[in-house]
Amino acid sequence: MSTTIERQWTTRLRKRATGKLPPEKALPDTQPAYVASWIYVFGVATIASFVMVILSGFILALRGPQWWHVSSVGHFVNSLHLWSVEILFFSMVIHLWGKFFMAAWRGGRTMTWMTGVVTFLVSIATAFTGYASQTNFDSQWITTQAKDGINATGAGSFFNVLNLGQMLMWHIVLLPLVAVLLTAVHVVLVRLKGVVPPFDDKTGAAK
Amino acid sequence: MAFLWSLASLISLEGKGHYIHWHFIYLSVANFIVILLMVLVFLAALFVPFPGRASRKESK
Ligand code: HEM
């Protein structure tokens, strides 16, 4: 291959990406024996519920914010959206506890843990703007209560919880985008580093 | 469907909510139940054997 081709950014990027994360490592056939435990299922359960949240959110966005108040199908999709969020947080917290007690940040996995922490915080903000976008008495109560707390931090100058349009945009555009990107980085980092070995594994296998 | 309605009437959603207040800890009974369920599922995830685990060990 000529040197000009080797210096192309597409060539360099491909070589770097496939060198660090070859397909067999990105989508492996087998996992170390200790991964055969239910606790490892909760990361994927979190992804699965997140997919349901996004899909039901797409349907809600298609029909607009009046639909779920007046149609029984709309109400059903709204409930699907809420309950997927409940399962998302339920499994995310169990995933977090699991990773905390196995100190899964060991062996250069700091960024895996930290992207998890930030995804958790972003998910809370996303859920909050969702509660603020319900357009019912509940959202009215939540936002009028929250405004004082948020104004007291100074963030109220650019994040106005009483501005329904702004809350809806944060909820359906900005925050989901950040959450999806962070989740993708989180999972790629897990694949890059491999699953953290148990505490008593002195052999260093699978490190 | 009627069965589901009768389930819903097990819990009265009329009137004011139920809260647990213990020193500075203040949370609704509903949230408390969810936290208890999370702890239970966490413990189950640790102790319930994962299907196929034994056979996997033998083959190693
Ligand atoms: C949207 C939220 C999240 C998703 C979709 C997600 C997904 C995943 C998946 C699929 C895995 C690999 C399988 C597994 O071990 O369960 C994983 C690993 C991991 N997660 Fe998460 N996670 C999320 C949030 C979090 C949070 C909140 C934390 C902690 C603060 C966290 C910390 C970790 C760590 C440290 C690992 C690496 C485990 C290892 O290397 O063995 N994650 N995550």
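The values are calculated or read from the model by the stated rules, or taken from the named source; none is laboratory data. Just so it is clear, the structure is predicted and the values come from calculations on it, not from any experiment. A quick note on method: Cβ atoms are made from the backbone with ideal geometry, for glycine too, and the neighbour counts reach across all protein chains shown. SASA here: full protein model, heavy atoms, side chains in, ligands and nucleic acids out. Shrake-Rupley method; radii C 1.70, N 1.55, O 1.52, S 1.80 Å.
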Please work out which one of (1) without any contact (Cβ under 8 Å) to a residue 24 or more places away in the chain; (2) in contact with a helix residue (DSSP H, G or I) (Cβ under 9 Å, 6 or more places away or on another chain) is the condition residue A:45 fails and give its number. (1)
Which number in (1) more than 10 Å from the ligand (Cβ to nearest atom); (2) within 13 Å of another protein chain (Cβ to nearest Cβ); (3) crowded, with 19+ Cβ neighbours inside 10 Å; (4) not charged (D, E, K, R) marks the one condition that residue A:36 misses? (3)
What tally of residues in the range A:98-120 results from selecting those that are under 16 Å from the mean Cα position of the chain (by Cα) and free of Cβ contacts under 8 Å to residues at least 40 places away in the same chain? 5
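Here are A:14, A:106: which of them is in the same structural domain as residue A:131 (by TED's automatic domain parsing) and charged (D, E, K, R)? Reasoning before the result, please.
Details: A:14 fails: in the same structural domain as residue A:131 (by TED's automatic domain parsing).
None of the other options fit; the residue is A:106.
Please go through the range B:21-47 and give me each residue that is of a type in the set (Val, Ile, Thr) and outside any helix (DSSP H, G or I), ordered by number. Walk me through it before giving the result.
Taking the range B:21-47 first, the residues of a type in the set (Val, Ile, Thr) are B:25, B:29, B:33-35, B:39, B:41.
Within the range B:21-47, B:25 is the sole residue that qualifies.
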For residues in the range A:1-33 being exposed (fewer than 12 other Cβ atoms within 10 Å of the Cβ) and of a type in the set (Ser, Thr, Tyr), which is farthest from the other protein chains (Cβ to nearest Cβ)? A:4
Please go through the range A:53-73 and give me each residue that is without any contact (Cβ under 8 Å) to a residue 40 or more places away in the chain, away from the ligand (no atom under 12 Å from the Cβ) and not in a loop (DSSP other than H, G, I, E, B), ordered by number. A:55, A:56, A:58, A:59, A:60, A:62, A:63, A:67, A:68, A:70, A:72, A:73
Residue A:87: open to solvent by 30 Å² or more (accessible area, probe 1.4 Å), more than 14 Å from every other protein chain (Cβ to nearest Cβ) and of a type in the set (Val, Ile, Thr), yes or no? no
Failed condition for residue A:72, given (1) open to solvent by less than 50 Å² (accessible area, probe 1.4 Å); (2) small (Gly, Ala, Ser); (3) within 14 Å of chain B (Cβ to nearest Cβ): (1)
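Quick one: which of A:146, A:205, A:155, A:132 is more than 16 Å from the ligand (Cβ to nearest atom) and at pLDDT below 95?
Of the residues listed, the single one that is more than 16 Å from the ligand (Cβ to nearest atom) and at pLDDT below 95 is A:155.
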Residue check, residue A:138 against (1) near the ligand (Cβ under 8 Å from one of its atoms); (2) within 14 Å of chain B (Cβ to nearest Cβ), all met but one. Which one? (1)
Residue check, residue A:50 at pLDDT 95 or above and within 13 Å of another protein chain (Cβ to nearest Cβ): no
Any idea which of (1) in contact with a helix residue (DSSP H, G or I) (Cβ under 6 Å, 6 or more places away or on another chain); (2) under 30 Å from residue A:131 (Cα atoms) is the one residue A:79 doesn't satisfy? (1)
